[in-house]
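Below is one structure, written out as structure tokens; the observations come after it.
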Amino acid sequence: MPSRIFLSEAAVTTTFQHTTVLLNEAVDALLGNAGPEPSGTWVDATFGRGGHSRLILQRLGPQGHLVAFDKDPEAIQEAARITDARFSIRHEGFRHLADLPAGSASGLLMDIGVSSPQIDSPSRGFSFRFEGPLDMRMDTTRGESVAEWLATAEVGQIAEVIREYGEERFAGPIAKAIVARREERGPLATTSELADLVAGAVKTREAGQNPATRTFQALRIFINAELEELQQALEASLSVLRPGGRLVVISFHSLEDRIVKQFIAKHSKEVFDRRAPFAVPQAMKLQALDRIKPSEQEVAANPRSRSAIMRVAQRTDA
């Protein structure tokens, strides 16, 4: 196995000080069985600001190729700084993994969720900590913003989204407050307007957590169809990965991790047809390999990494 390479902070940060979570652990897991100079096609399904991609390229051999995906225009701009001929990027979400040829990928990495530059950029509207437009789209070139959706959505729709994707027990009162505000003074337009409204509707708060945390998470997940896209990408991985190829997924909250955990568990066991008890069972498609969390040292250096869980599986010969 190649020796571990540790990139400097400058190599994995941008103006907004993005630090790649589980950098070496993820790349080690992805390339772990590929030999000293990995060849073939590898996939970084969530380029972000390129921390994982840059380290993968350092570790690949001259015949290796890395294909990256990202739907954020700012990520595409960052990717343009990589001049390595072995690298290419697609301005698409990772649901488009299914467009890759079957059995073409030697390994596939997904780092799910929102990146620090997205959170820390007021113009993106992801955070209640900054005044900005209520947008939250990962791809600002297409689709409906959160403000646009909240301007027309019904109380029941809003409550369902906040309850399902934010696991917020005050989803009903928050939804009613949003619609009441819309009818009285017009639609919400900024992050601070939404955060203040939620704070007034949430009667009890979790220690150390802003009352708007769950609502902002829910609206971001919904407007970007994040969970649906994750499910589609995981299903596509079964086709895209060659036998022996690694699937590495880093998630940051329980909704994501539950999907990944259940997907790997489902495909890591033989399937028996109860209607044909003597038939040969359908072979498992994945072998679960590992579950890794950030070290105490990483969490101390980057508190945003504390909720990360990385799951690793390998495509079988089935």
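The values are calculated or read from the model by the stated rules, or taken from the named source; none is laboratory data. This structure is a prediction, so every number in the text was calculated from the model and none was measured. Here the Cβ is made from the backbone with ideal geometry for all residues, glycine too, and neighbour counts use every protein chain on show. In case anyone asks, the SASA skips ligands and DNA or RNA and just uses the protein heavy atoms, side chains included. Shrake-Rupley method; radii C 1.70, N 1.55, O 1.52, S 1.80 Å.
Before moving on, here are some points about what is shown:
- Under 14 Å, Cβ to Cβ, from P38 - net charge with Lys/Arg +1 and Asp/Glu -1: +1
- Percentage relative contact order, region 30-112, counting C-alpha pairs under 8 Å, at least six apart: 39
- Note on D196 and E183: their simple-model spin labels are 2.2 nm apart, each label 7 Å out from Cα toward Cβ.
- Solvent-free Debye calculation, one equal scatterer per alpha-carbon of the chain: log10 I(q)/I(0) at 0.10, 0.11, 0.14, 0.15 Å⁻¹ equals -0.61, -0.73, -1.09, -1.20.
- Along each principal axis, Cα extent of region 58-154, largest first, Å: 51, 27, 19
- Mean accessible surface per residue for region 68-145, computed with a 1.4 Å probe while every protein chain stays in place, in Å²: 42
- Over region 18-68, Cα pairs under 8 Å with separation of 6+ residues give a relative contact order of 44 percent.
- Stretched out straight at 0.36 nm per residue, the stretch from S295 to R81 would grow longer than its current Cα-Cα span by 74.0 nm.
- Karplus-derived 3J(HN,Hα), 6.51/-1.76/1.60, for each residue of region 91-106, Hz, glycine and proline x: 7, 8, x, 6, 5, 7, 3, 4, 6, 6, x, 4, x, 8, 9, 7
- Proximal charge balance of A98 [Cβ under 12 Å; K/R count +1, D/E count -1]: -3
- Carbon and sulfur %, accessible surface of the chain computed with the full protein complex present, 1.4 Å: 51
- Radius 11 Å from Cβ of R315, net charge of other residues (Lys, Arg +1; Asp, Glu -1): +2
- Just checking the listed ones, P117, P62, P243: in the Gaussian network model of the chain with Cα springs under 10 Å, the one fluctuating most is P62.
- Förster radius 22 Å - calculated FRET efficiency between E228 and S254, Cβ distance, rounded to 0.05: 0.85
- Built amide H within the under 5 Å cut-off of L66, gap 5+: W42, F87, S88
- In order along region 198-212, the phi-based Karplus estimate (6.51 cos²θ - 1.76 cosθ + 1.60, θ = phi - 60°) of 3J(HN,Hα) comes to 5, 4, x, 8, 8, 7, 10, 10, 6, 4, x, 10, 5, x, 8 Hz; Gly and Pro are listed as x.
- Taking chymotrypsin sites (Phe, Trp or Tyr not before Pro) as exposed when DSSP calls them loop and at most 14 other C-beta atoms lie within 10 angstrom, the chain has its longest site-free stretch at 17-271.
- Taking every DSSP helix (H) stretch of at least 4 residues in the chain, weighting each as -39,500 (n - 2.57) and dividing the sum by the residue count yields a mean residue ellipticity at 222 nm of -11000 deg cm²/dmol.
- Under the combined filter of DSSP loop state and at most 13 neighbouring Cβ atoms within 10 Å, region 25-88 retains these trypsin sites (Lys or Arg not before Pro): R81.
- Take every pair of alpha-carbon atoms less than 8 Å apart whose residues are at least six positions apart; their mean separation over the length of the chain yields a relative contact order of 17 percent.
- Net dipole in debye of region 112-268 [+1 Lys, Arg Cβ; -1 Asp, Glu Cβ; about Cα centre; nearest 20]: 400
- Counting only Cβ charges, +1 for Lys and Arg and -1 for Asp and Glu, the dipole size of region 35-88 around its Cα centre is about 100 debye.
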